[in-house]
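The numbers here are math on the coordinates, done by the rules we state, and not lab data. Everything numeric in this text was worked out from a predicted model, so none of it was measured. Note that we place each Cβ from the backbone using ideal geometry, even for glycine, and neighbour counts take in every protein chain shown.
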Amino acid sequence: MPTLEIKSLKEIVSAEEWQLRCDLAACYRLVALYGWSDLVFTHITAKLPESVSGAGAHHFLINPYGLMFDEITASSLVKVDEHCNKVIDSPFPVNPAGFVIHSAVHAARADAGCVLHTHTRAGVAVSAQACGLLPISQQSTFVLASLAYHAYEGVAFRDEEKPRLQADLGHANFLMLRNHGLLVVGKTIADAFLSMYTFENSCRIQLDAQSGGELIQVNPLIVKGVAEAMRVQTGGMGGAFAWPSLIRKLDRLDQSYRL
């Protein structure tokens with residue numbers, strides 16, 4: 001289609017769901033803006049609260065498969081259940097295979113309000129290094145405080161991989177998928193974005209540093225105390241501290257994600 005004609009859902013869904021849709025669409029646009037997208041591949045999912053889905057129901061928002069991240073809007077996001085079946089009719093397809101990793105994380109982690117997964121050049125490069133992420137930057141210390149690894153098992157579309165991925169993730173908020181990419185778990189969309197920003201930059205810094213001389217590693221005791229440092233850095237707000245400024249930045253460039 002030369003242009004996307006998308007019917008607005010603003011008057012159809014609740015105000016709470018609409019805000020979540022706007023935030024997730026903004027997250028997709030920001031991922032594209034910062035150069036983390038992989039054409040139409042990878043996904044960001046957000047879990048709808050029970051106040052929207054209904055008691056005992058598990059509904060999620062996911063990108064319409066085939067749209068570039070900088071095309072995604074609040075109304076084009078597809079609402080699915082835990083089996084990736086559409087809850088609201090949509091003219092756009094979804095990618096059940098792409099939902100395997102996300103559904104595994106959401107099922108295992110009640111605190112997973114948003115799961116963000118990327119295939120960036122730097123992220124895949126570091127995931128292929130035997131040493132993994134090194135404690136060589138301030139950014140990396142924030143990640144290492146809650147980092148897990150999952151071995152590569154091929155393209156992740158088999159349900160049989162889910163238990164192993166869930167066990168490897170455990171309570172960590174950062175997951176390095178070996179030979180594959182990066183994944184973060186956030187209580188909110190804002191938390192997930194800030195976590196991925198830190199994770200991605202940690203990988204980029206590591207690759208840059210490895211091209212130079214001998215590396216200096218951060219004292220392990222500093223890594224252990226980094227959770228409190230991060231809380232102080234964001235005034236206890238987590239991703240919400242940076243999110244309003246990111247939304248203002250996006251609105252200055254293009255507000256069509258709100259449609």
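Values as computed for the structure displayed
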{"quantity": "Count of lysine pairs in the chain with Cα separation under 23 Å (8 or more residues apart, or interchain)", "calculated": "17"}
{"quantity": "Cβ crowding within 10 Å averaged over residues, with 243-252, 135-144, 20-29 ranked highest first", "calculated": "20-29, 135-144, 243-252"}
{"quantity": "Selection from F199, G225, S256, by position along the positive dipole direction of the range 120-259 (Cβ)", "calculated": "S256"}
{"quantity": "Globularity index of the chain, i.e. its alpha-carbon radius of gyration over 2.2 N^0.38 Å", "calculated": "1.00"}
{"quantity": "Alpha-carbon gyration tensor eigenvalues x 5, square-rooted, for the range 95-163, Å", "calculated": "24, 16, 11"}
{"quantity": "Cα-centre dipole for the range 1-100 with unit charges at Cβ (Lys and Arg positive, Asp and Glu negative), debye to 20", "calculated": "40 debye"}
{"quantity": "Assigned charges on the beta-carbon of Lys, Arg, Asp, Glu; the chain dipole about Cα centre (debye)", "calculated": "320 debye"}
{"quantity": "Residue among A107, T42, G132 farthest towards the positive dipole end of the range 1-135, charges placed on Cβ", "calculated": "G132"}
{"quantity": "Average silhouette area of the range 48-157, convex hull of alpha-carbon atoms, in square nanometres", "calculated": "8.8 nm²"}
{"quantity": "For H59, distant residues with modelled amide H under 5 Å away", "calculated": "L48"}
{"quantity": "Amide H contacts of Y65 (H built 1.01 Å from N, under 5 Å, at least 5 apart or other chain)", "calculated": "V94, N95"}
{"quantity": "For the range 1-54, diffusion coefficient by Stokes-Einstein and Kirkwood Rh (Cα), 37 °C, 0.692 mPa s, µm²/s", "calculated": "251 µm²/s"}
{"quantity": "Helical mean residue ellipticity (222 nm; -39500 (n - 2.57) per DSSP H run of 4+; nearest 500) of the chain", "calculated": "-11500 deg cm²/dmol"}
{"quantity": "At R0 = 45 Å, FRET efficiency that the Cβ-Cβ distance of A107 and L253 yields, to 0.05", "calculated": "0.80"}
{"quantity": "For S53, net neighbour charge (Lys/Arg +1, Asp/Glu -1) across residues whose Cβ lies under 13 Å away", "calculated": "-3"}
